[in-house]
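Asks: First the structure, then my questions, so here it is.
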């Protein structure tokens, strides 16, 4: 009998697509929440003219794997050092630029980007996933932790009876809650008293298995987001007029105050949809859906760790 909660994810970039990079618990373990795996396949039914009624069976084809997990959005603790989950960002079509002692910056990549190999330990099993490519989404609510959610597809690499390895997860640092002291949100130059936000890089990984290649592709990216905040005067900002004018301007979400644990989500050209209104603790609340547009290409958003 296995305990369901005994789960561990190891994730490491691949040098060659679909080739096991052999991640280790000492270096490649992730501190995850809501870690899940699902084997996916298509079903080809047999419709044999057998002269009798009933099922004729089916063929399961194209087995591949969906892996999803969340990590707390935080830095590395040292400016100019990549966060502990950087390998997952790279497998979500992001590029990395490290400036020593200053920053680690992630922006969208052209093409399909990198890939990762995953070892998913659950109970007494090790499930292997290769060629994993995913999408990421940041979400957060006031007095909660901002979370970075990854969802992606990979090639099925098999399953084995293997004990859960031990690890101390030394490179994951303590996150901070979303609050007045820790978080600042600005949209189109207006500071907003924000209740919750999302930023989604908008990738759609696809599984392809043709005669010469089995691969996860990730060519389509449409970044979006959302904000809920206390309504402001029309003199401060008329969001309905802004939406009607199709105005595009910047979004900035800065979380953290300590060097090495400051995360900035930036988008230079954000278009807003028509606002909606609701009651939040008897306060008039305004909500906007956001469309993140590129300026010259592959620059519609960035994640910076400083």
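The values are calculated or read from the model by the stated rules, or taken from the named source; none is laboratory data. Since the structure is predicted, the reported quantities are computational estimates derived from the model, not experimental observations. Please note: Cβ atoms are built from the backbone with ideal geometry, for glycine as well, and neighbour counts cover all protein chains shown.
Asks: Go over the candidates 226, 278, 252 one by one and state the one that is exposed (fewer than 14 other Cβ atoms within 10 Å of the Cβ) and in a strand (DSSP E or B).
Replies: 278
Asks: Going through segment 199-214 one residue at a time, which ones are touching a residue at least 40 places away in the same chain (Cβ under 8 Å), assigned to a strand (DSSP E or B) and either more than 20 Å from the chain's Cα centre (by Cα) or buried (at least 17 other Cβ atoms within 10 Å of the Cβ) (or both)?
Replies: The answer is 199, 200, 203, 207, 209, 214.
Asks: What single numbered condition from (1) surrounded by fewer than 17 Cβ atoms within 10 Å (Cβ to Cβ); (2) in a strand (DSSP E or B) fails to hold for residue 233?
Replies: Looking at each condition in turn, residue 233 falls short on (2).
Asks: Quick one: which of 117, 124, 131, 152 is out of contact with any helix residue (DSSP H, G or I) (no Cβ under 6 Å at 6 or more places or on another chain), closer than 21 Å to residue 265 by Cβ and either modelled with pLDDT under 95 or buried (at least 20 other Cβ atoms within 10 Å of the Cβ) (or both)?
Replies: It is 152.
Asks: Within segment 281-306, how many residues are in a loop (DSSP other than H, G, I, E, B), in contact with a strand residue (DSSP E or B) (Cβ under 8 Å, 6 or more places away or on another chain) and surrounded by fewer than 17 Cβ atoms within 10 Å (Cβ to Cβ)?
Replies: 4
Asks: Name the residues in segment 29-51 that are more than 26 Å from the chain's Cα centre (by Cα) and part of a strand (DSSP E or B), would you?
Replies: Hits for segment 29-51 are 43, 44, 45.
Asks: Additional query: So which of 54, 62 is out of contact with any helix residue (DSSP H, G or I) (no Cβ under 9 Å at 6 or more places or on another chain) and either at pLDDT 95 or above or assigned to a strand (DSSP E or B) (or both)?
Replies: Answer to the check: 62.
Asks: Taking the condition free of Cβ contacts under 8 Å to residues at least 40 places away in the same chain, surrounded by 16 or more Cβ atoms within 10 Å (Cβ to Cβ) and closer than 30 Å to residue 41 by Cα, does residue 93 pass?
Replies: It is false that residue 93 is free of Cβ contacts under 8 Å to residues at least 40 places away in the same chain, surrounded by 16 or more Cβ atoms within 10 Å (Cβ to Cβ) and closer than 30 Å to residue 41 by Cα.
Asks: Mind checking which pairs have a first residue in segment 17-36 that is on the phi > 0 side of the Ramachandran plot and surrounded by 16 or more Cβ atoms within 10 Å (Cβ to Cβ) and a second that is outside any loop (DSSP other than H, G, I, E, B) and modelled with pLDDT of 95 or more, Cβ under 8 Å, 6 or more apart or different chains?
Replies: 18/130; 18/131; 18/155; 18/214; 18/215
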